[in-house]
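One structure is given below, encoded as structure tokens.
The values are calculated or read from the model by the stated rules, or taken from the named source; none is laboratory data. These figures come from a predicted structure and were not determined experimentally. All Cβ positions, even for glycine, are placed from backbone atoms using ideal geometry, and neighbour counts span all protein chains on display.
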Amino acid sequence: MKGKWALPALSLGAGLAALSVSITDPILSNMATALGVSVPLLGQLVPIASLAGVGGNLLLSPLLDRASRRDTLTLAMSGIVFSSLACAIAPSFITLAVAYCVLGLSAFTLLALVLASTGDLYQAEGMGRAMGWVVAGNVGIMMAGLPLTAALAQAFTWRLAFMFLAAVAALATVFIHRAVPSGLRPGQRPRVGYAGAFREVLDNRGAFLLLLTVGLVHSSYYGLRRYLEPAAVSQLGLDSLKVAPVFSLFNLGTALAGVFAGRLLRNSDWRLPSAAALACAILAVLVYRMPGGLAVFAVLASLYGFAFGFLDVGMNSLLASWQGGGRGVVMALRSVMDSLGGVCGPALGGMVVATEGYRAAGWAFSALALSAAVTVAIVARRPGVPSGLERTADAVHVHDHRVE
């Protein structure tokens, strides 16, 4: 296979990363019954896996730029295959939690490598388009995969859902290994020490603020998603079955945004991400106020998903323009901030819901998104160029041969 298949392969990898960490969402009850534990206890698998992603990516990030992208992508995909099989045969909650931590670490590392590889392969206007398809694949494959895994769990056993993930990931591993150019490597720069790789990124004002923005954005996103269903049940008097399609529309909005945003965004364009964050701030308030019935609620939720998709593509494109200590380090730190957002956002939302109610939670999620809009704007030192993240002539080291 030639380089022209690299983008579909990377989009597939991004989608499997998302499916891996969300596979338990529709089958929690089946798993809890089979393992003899409570649903709330089993629900801690995702936060545990997120924390494993945080710790693992902090440990691995300086190493991700020391090997070819194809090799590291293959290793991360192999981790998903074997940890999915381990989950499928886990005899107890403890062994399942250990295997799921490895699955989460593999998935978050895979996403970091996918984003770094996309930045290595595409330049200028091509960056936005490529990131758009990666985000679309990240959400779209999860949307298609979750109903399939739920159907397998309902008809047979939850273990079959993990076996299905392992089988698909095994096929994807072969595809990705063949599709990603073998010569795709991180930029050739003087090698710095382990701690120096972190310092080079975090000492850069633009990179630091963008990573902070990722944390704020995902705190708002994960918090809003976590309490969307109970808020609708409480304020609109709906049941969970009627709310379920809203999540499909929410995800569809994000996937569509990936396609459209890629046509509009340049790699160094901070304006649209900032505007998208502002839109998320406004929509977060409206979604949780629920000014109409189910139809209006569904429209507002899908619009939030659409705005978040624009924001995610823009942030990924901005971070992928980094040339300092290697994109692998930056994107691994992005995965760390993404994971922290998955922990902090729902925790903050839970505290606000418990004390002030759902509408106040909407304002909290809005404040997080508004803060993200401000930090993105601060990054811009001059129009269109992120501070400290400018491209240099020597950065375009694989452009001529990577997609032949």
Search result, residues across segment 172-228 that are assigned to a loop (DSSP other than H, G, I, E, B), surrounded by fewer than 16 Cβ atoms within 10 Å (Cβ to Cβ) and at pLDDT below 80: G183, Q188, R189, P190, R191, G193, D203
Residue within segment 289-299 that is crowded, with 24+ Cβ neighbours inside 10 Å and either in contact (Cβ under 8 Å) with a residue 40 or more places away in the chain or of a type in the set (D, E, K, R) (or both) present: yes
Hey, A130 at pLDDT below 95, part of a helix (DSSP H, G or I) and within 15 Å of S22 (Cα to Cα) or not: no
Check on A112, at pLDDT 90 or above, among the aliphatic types (A, V, I, L, M), touching a Leu at 6+ places or on another chain (Cβ under 9 Å) and crowded, with 21+ Cβ neighbours inside 10 Å: yes
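Among the candidates G126, G36, single out the residue that is over 19 Å from the mean Cα position of the chain (by Cα) and at positive phi. Reasoning before the result, please.
Values: G126 fails: at positive phi.
Result of the check over G126, G36: G36.
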Matching residues in segment 305-340 - criterion: being touching a Gly at 6+ places or on another chain (Cβ under 7 Å) and modelled with pLDDT of 90 or more: G305, F306, G309, M337
Criterion (modelled with pLDDT of 90 or more, polar (S, T, N, Q), in the same structural domain as D338 (by TED's automatic domain parsing) and under 22 Å from the mean Cα position of the chain (by Cα)) met by exactly one of S302, S268: S302
Selection status of A17, out of contact with any strand residue (DSSP E or B) (no Cβ under 7 Å at 6 or more places or on another chain), farther than 20 Å from C101 by Cα and either crowded, with 23+ Cβ neighbours inside 10 Å or in contact (Cβ under 8 Å) with a residue 40 or more places away in the chain (or both): no
Any helices (runs of 4 or more DSSP H) falling wholly within segment 5-82 and containing at least 2 residues that are of a type in the set (S, T, N, Q): 6-22, 28-35, 45-60
Identity of the residue in segment 254-265, in a helix (DSSP H, G or I) and farther than 20 Å from R225 by Cβ, that ends up modelled with the lowest pLDDT: G262
Tally of residues being without any contact (Cβ under 8 Å) to a residue 24 or more places away in the chain and within 22 Å of G79 (Cα to Cα) across segment 145-184: 5
